[in-house]
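Here the structure comes first, spelled out in structure tokens, and everything after it is commentary.
The values are calculated or read from the model by the stated rules, or taken from the named source; none is laboratory data. Just so you know, these numbers come straight off a predicted model, no measurement behind them. Glycine also receives a Cβ, built like all others from the backbone with ideal geometry; neighbour counts cover every protein chain displayed. The accessibility values were calculated without ligands, DNA or RNA, using every heavy atom of the protein model including side chains. Shrake-Rupley method; radii C 1.70, N 1.55, O 1.52, S 1.80 Å.
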Amino acid sequence: MRRRVSMATALVGCLTATACTAPGPPRTGQPSGPARPTPAPSVPVDPAVRAREIVGRLTDEDLVGQVLMPYAYGTSATTVSAGSAAGNRKLAGVDTPAQMIAKYRLGGLILVGFSADDPTSATNPTTNVDSAAQVHELTAGIQAAAGQLAAGVPLLIGTDQEFGTVTRVKEGVTQLPSGMAFGAAGDPVLTEAAWRVAGAELAALGITVDFAPDADVLGSSGAGVIGSRSYGSDPVAVSTQVAAAVRGLQAGGVAATLKHFPGHGHTTADSHTDLPVLSQSLADWDSGDRPPFTAGIQAGAELVMSGHLDSRAFDPGVPASFSHKVLTDVLRGQLHFDGVVVTDAMNMAPAQRYPPGEAAVRALLAGNDLLLMPPDLGAAQAGLLAGLRAGTLPRTRLVEAVTRIVTLKLRLAGAPQPAMSTVNTPEHAAAAAAAAAKAVTILRGSCTGPLVRGPVSITAAGGGYSRQRQWLADALRAAGVQVVASGGTEIHLMGYSDGASDLSAAAAVTVAMDAPVILRQSQSTTLLATYSSTQAAMVALAAVLAGRAAAPG
């Protein structure tokens, strides 16, 4: 399903053609002459038609550039530190992101952020993100550089803003709870409203593509690799949540991406470092993993991300991201997806089994349209050009991919960019808080009345989570609970990557701020899950602990 084309979309052609002009009123003092026929109303141009016109005049280098979406070093498009310049020279032979766009005639750029507690940090060796204002300035500079290219269309600027453990922009924007928190809340109306907030704020920052939501369904093992990034283990419930997130995000003005096709929720290996094996049967996949992708596609998702996954039911031994059977026969043929297929990061281990140039060609031949984060940009470009000229990469396949990408760009360009004043407002915070409050779950202990009485102390694994401890302490005091530095009833907080060694034997209450599997060995009388560590989650937790609110998750 596709969104209706707005009248503004019809004007996108002005980006690549002569200036659009409108007739003005007759000049005073001049004869008006015979009455002119009233001009027929303009008809919006189908973005796909306009895209074919644009793509038809692009050179080989321009075509190849459109399918490349690398990362870059630096928090500005044109001014970077010496270290960032060195990183860009190693990756692409240039100093700045703007130079990278110009040299390779790029179709997109992904903003990345390194964080030690992020499960995807291995493939993000740098960060482009300091604050909301800085990201806004960076994206403006990136688009200014793109405006000089022959294609004449904006770049796709993407990021992984899933919320929870995978969150790139953390300061100055509204923080939603994790996917699993939305699953626990079980309210698609709240989900859609919250993701509309996310879409509007990302659009205001100049980000056009979010590599979210995660459409993976967790298997019976709990799938620690994906964990709280998933909306849960029930395919029907996950489907409802994923569709709501897609609708909200795209209503806010940002393209949504379903990932990781054909499903990463049953794996024990991490595709950043290994090639996970999906051993479920075709029937099990059809009933357990397919539904959220189908629901997301039907909700209008603009992109699907292919996973570096060995799906034995379809193409044994071949990563799905390089499998024609998975991406063309199944995703295109059976699920009828007609949007942009983007690879998972090409600098992940399963993709680096091939040299960068060969990997780029293989990925396109399999059915991907957009190549994310190639480890050597020059080699990827050279491989694609060589394949195009040798005939091993059919021009029709490349043109098809670029036409999809440009069509998406034209659709996105038809929506006005929200003002920065709309970012991180109280109204947006309220939408996030409503979802966080509905997610809180009591896993063990009383379901009614206050769960703690003062004095209480708040501890955390390894002495960390200082912000979360302070947020919870402030909220508990506001609810009338006495909080002391030590002693009293201990409330212990645990987050992503914490394990049995981080449990507190003395805690009366232990709280999972991520997937609840981390509590499996806890001996605490009361166990709760917030699934997230945002301030809104800590405020909601305090209300439950103090008996001021129920735990509906």
Flag if H260 is assigned to a loop (DSSP other than H, G, I, E, B), within 21 Å of the chain's Cα centre (by Cα) and more than 15 Å from L190 (Cα to Cα): no
Tally of residues being open to solvent by less than 10 Å² (accessible area, probe 1.4 Å) and at pLDDT 95 or above across segment 253-264: 8
Filtered residue count, segment 469-495, keeping only those that are open to solvent by 40 Å² or more (accessible area, probe 1.4 Å) and part of a helix (DSSP H, G or I): 6
Subset tally (residues that are free of Cβ contacts under 8 Å to residues at least 40 places away in the same chain and charged (D, E, K, R)) for segment 125-182: 0
Selection within segment 509-553 - touching a Gly at 6+ places or on another chain (Cβ under 9 Å) and among the aliphatic types (A, V, I, L, M): V509, A512, M513, A515, V517, I518, L527, L528, A529, A546
Boolean, L393 is assigned to a loop (DSSP other than H, G, I, E, B) and of a type outside the set (F, W, Y): yes
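Rundown of residues vs (1) farther than 25 Å from A48 by Cα; (2) assigned to a helix (DSSP H, G or I); (3) touching a strand residue (DSSP E or B) at 6+ places or on another chain (Cβ under 7 Å), yes/no style:
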residue	(1), (2), (3)
S287	yes, yes, no
P291	yes, yes, no
A301	no, no, yes
K325	yes, yes, no
R332	no, yes, no
D338	no, no, no
V341	no, no, yes
M346	yes, no, yes
V361	no, yes, no
Any hit, segment 168-180, residues being among the small types (G, A, S), more than 23 Å from V342 (Cβ to Cβ) and in contact with a helix residue (DSSP H, G or I) (Cβ under 6 Å, 6 or more places away or on another chain): yes
Selection count where residues are open to solvent by less than 40 Å² (accessible area, probe 1.4 Å) and more than 18 Å from S321 (Cβ to Cβ), scope segment 278-293: 4
Tally of residues being open to solvent by 10 Å² or more (accessible area, probe 1.4 Å), under 14 Å from A145 (Cβ atoms) and either touching a residue at least 60 places away in the same chain (Cβ under 8 Å) or basic (K, R) (or both) across segment 78-95: 1
Residue identified as at pLDDT 95 or above, in contact with a helix residue (DSSP H, G or I) (Cβ under 8 Å, 6 or more places away or on another chain) and surrounded by 24 or more Cβ atoms within 10 Å (Cβ to Cβ) among A185, A193: A185
Count of residues meeting criterion [on the phi < 0 side of the Ramachandran plot and either assigned to a loop (DSSP other than H, G, I, E, B) or of a type in the set (K, R) (or both)] in segment 232-254: 5
Any hit, segment 444-455, residues being at pLDDT 95 or above, crowded, with 17+ Cβ neighbours inside 10 Å and either outside any loop (DSSP other than H, G, I, E, B) or of a type in the set (S, T, N, Q) (or both): no
Check on S497, on the phi > 0 side of the Ramachandran plot, of a type in the set (S, T, N, Q) and either in contact (Cβ under 8 Å) with a residue 24 or more places away in the chain or touching a strand residue (DSSP E or B) at 6+ places or on another chain (Cβ under 9 Å) (or both): yes
Out of A529, A537, A460, sole residue that is open to solvent by less than 30 Å² (accessible area, probe 1.4 Å), closer than 21 Å to F163 by Cβ and in contact with a Phe, Trp or Tyr (Cβ under 8 Å, 6 or more places away or on another chain): A537
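The rows are residues; the columns are (1) open to solvent by 20 Å² or more (accessible area, probe 1.4 Å); (2) touching an Asp or Glu at 6+ places or on another chain (Cβ under 6 Å); (3) at pLDDT below 95.
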position: G300; (1), (2), (3): no, no, no
position: S306; (1), (2), (3): no, no, no
position: K325; (1), (2), (3): yes, yes, no
position: V330; (1), (2), (3): no, no, no
position: G333; (1), (2), (3): yes, no, no
position: A349; (1), (2), (3): yes, no, yes
position: R353; (1), (2), (3): yes, no, yes
position: E358; (1), (2), (3): yes, no, no
position: A363; (1), (2), (3): no, no, no
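Yes/no matrix, rows are residues, columns are (1) touching a strand residue (DSSP E or B) at 6+ places or on another chain (Cβ under 7 Å); (2) at pLDDT below 95; (3) under 22 Å from L370 (Cα atoms):
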site: L91; (1), (2), (3): no, yes, yes
site: D95; (1), (2), (3): no, no, no
site: Q99; (1), (2), (3): no, no, yes
site: Y104; (1), (2), (3): yes, no, yes
site: G113; (1), (2), (3): no, yes, yes
site: T123; (1), (2), (3): no, yes, yes
site: T126; (1), (2), (3): no, yes, yes
Cβ pairs under 8 Å, 6+ apart, first in segment 381-409 and in contact (Cβ under 8 Å) with a residue 60 or more places away in the chain and farther than 21 Å from Q250 by Cβ, second part of a loop (DSSP other than H, G, I, E, B) and among the hydrophobic types (A, V, I, L, M, F, W, C): L384/V67; L384/L393; L398/V67; A401/V67; V402/L58; V402/V67
Scope segment 265-287; condition of a type in the set (D, E, K, R) and modelled with pLDDT of 75 or more; matching residues: D284, D286
G56 modelled with pLDDT of 95 or more and loosely packed, with under 15 Cβ neighbours inside 10 Å: yes
Qualifying residue in segment 521-540 (condition: under 15 Å from A184 (Cβ atoms), aliphatic (A, V, I, L, M), assigned to a loop (DSSP other than H, G, I, E, B) and at pLDDT 95 or above): no
T75 vs. criteria surrounded by fewer than 19 Cβ atoms within 10 Å (Cβ to Cβ) and part of a loop (DSSP other than H, G, I, E, B): no
Among (1) open to solvent by less than 60 Å² (accessible area, probe 1.4 Å); (2) free of Cβ contacts under 8 Å to residues at least 60 places away in the same chain; (3) hydroxyl-bearing (S, T, Y), the one test that S466 misses: (1)
Extreme residue, most open to solvent (accessible area, probe 1.4 Å), among residues of segment 311-323 that are in contact with a strand residue (DSSP E or B) (Cβ under 8 Å, 6 or more places away or on another chain) and without any contact (Cβ under 8 Å) to a residue 40 or more places away in the chain: R312
